[in-house]
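Note sheet for the following structure.
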Amino acid sequence: MLNRVSLVGRLTRDLELKNSVNGKPFVAFTLAVNNSFNNQASFIPCFAWNKTAENMARYLKKGSLIALDGRLQTRSNNVNGQVTTIVQVIADMVSFLDSKGASAATNIGGPSMPIANDFSNTTFEQPEPQDDNNITFDGDDAILWD
């Protein structure tokens with residue numbers, strides 16, 4: 001069976017690095033992905049772990065454009081007899097493409113300075129499978145399906 005997801009989109013908010021109950025660093029984020037056929041965006045809940053998460057939290061911000069390769073993960077919750085299914089993308093590899101703020105800043109007209117490493121097209125791979133079952137979700141970190 002094949003379970004692969006490839007997305008290109010922008011982060012909907014600044015990232016906050018958190019630790020799981022096992023002490024593994026992760027970021028939960030929503031990726032806004034444009035649908036070319038109807039000119040609207042889909043908002044996809046995603047997670048990244050370990051070094052990928054640390055680098056994302058360090059170098060990316062709201063509006064940053066990324067390419068993500070990962071896998072779909074689902075799990076069920078039973079709250080007061082109401083069973084819901086949560087669907088999310090676990091990022092195995094993330095490439096930093098650019099950021100909305102960086103491209104807006106270049107249009108301001110001030111003096112330009114060379115950037116030694118802007119981390120464009122930098123890829124960080126997820127080296128090992130993760131235990132994703134001990135995470136608390138809040139806000140837009142997950143999609144609930146009845």
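Points worth noting:
- Single condition residue 74 does not satisfy, out of (1) without any contact (Cβ under 8 Å) to a residue 40 or more places away in the chain; (2) surrounded by 12 or more Cβ atoms within 10 Å (Cβ to Cβ): (2)
- In segment 1-13, the residues that are surrounded by 14 or more Cβ atoms within 10 Å (Cβ to Cβ) and either under 16 Å from residue 60 (Cβ atoms) or of a type in the set (Asp, Glu) (or both): 7, 9, 10, 11, 12
- Of the strands (runs of 3 or more DSSP E) lying entirely inside segment 35-99, those containing at least 2 residues that are over 11 Å from the mean Cα position of the chain (by Cα) and under 20 Å from residue 4 (Cβ atoms) are 64-79, 82-99.
- The residues listed here are 137, 96, 119; of these, the one that is of a type in the set (A, V, I, L, M, F, W, C), modelled with pLDDT of 55 or more and surrounded by 10 or more Cβ atoms within 10 Å (Cβ to Cβ) is 96.
- Residue in segment 14-58 that is surrounded by the fewest Cβ atoms within 10 Å (Cβ to Cβ), counting only those that are hydroxyl-bearing (Ser, Thr, Tyr) and either at pLDDT below 95 or more than 19 Å from residue 93 (Cα to Cα) (or both): 36
The values are calculated or read from the model by the stated rules, or taken from the named source; none is laboratory data. Please read all numbers here as calculations on a predicted model, not as lab measurements. Ideal geometry is used to build each Cβ from the backbone, glycine not excepted, and the neighbour counts take in all protein chains shown.
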